[in-house]
Amino acid sequence: MKANLNEITKAALALPADEKEALAEKIVRSLAVQTPPSVKRKQLAEVMRRREEVLSGKVKGVSAEEVMREIQEMLKRGG
């Protein structure tokens, strides 16, 4: 018997959190498309530009802890 979307959704939502996370990751990966070489080149150029800005002191990096703290504060404020 072929399951319909509502049945699949109901079953997925009944899964424990860790299994939901694994399922979501599989679904997202299945939707991923191959990045064209021209886009990869542009992404690499941007990474290299930003790296140089950090190494030269033009910009200052932000620690992961600070980023997480700011995100938590934003979530507490509702946005």
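The residues on offer are 24, 45, and the sole one that is modelled with pLDDT of 95 or more, of a type outside the set (Val, Ile, Thr) and surrounded by 10 or more Cβ atoms within 10 Å (Cβ to Cβ) is 45. Pairing residues of segment 21-44 that are without any contact (Cβ under 8 Å) to a residue 12 or more places away in the chain and over 30 Å from residue 8 (Cα atoms) with residues that are of a type outside the set (Phe, Trp, Tyr) and outside any helix (DSSP H, G or I), at Cβ distances under 8 Å and at least 6 apart in sequence or on separate chains, gives 43/35. With respect to the conditions (1) within 18 Å of the chain's Cα centre (by Cα); (2) surrounded by 10 or more Cβ atoms within 10 Å (Cβ to Cβ); (3) hydrophobic (A, V, I, L, M, F, W, C), residue 8 lacks only one, and its number is (1).
The values are calculated or read from the model by the stated rules, or taken from the named source; none is laboratory data. A quick note: this is a predicted structure, and the numbers were derived from the prediction, not measured. Note that each Cβ is placed from the backbone with ideal geometry, even for glycine, and that neighbours are counted across all protein chains shown.
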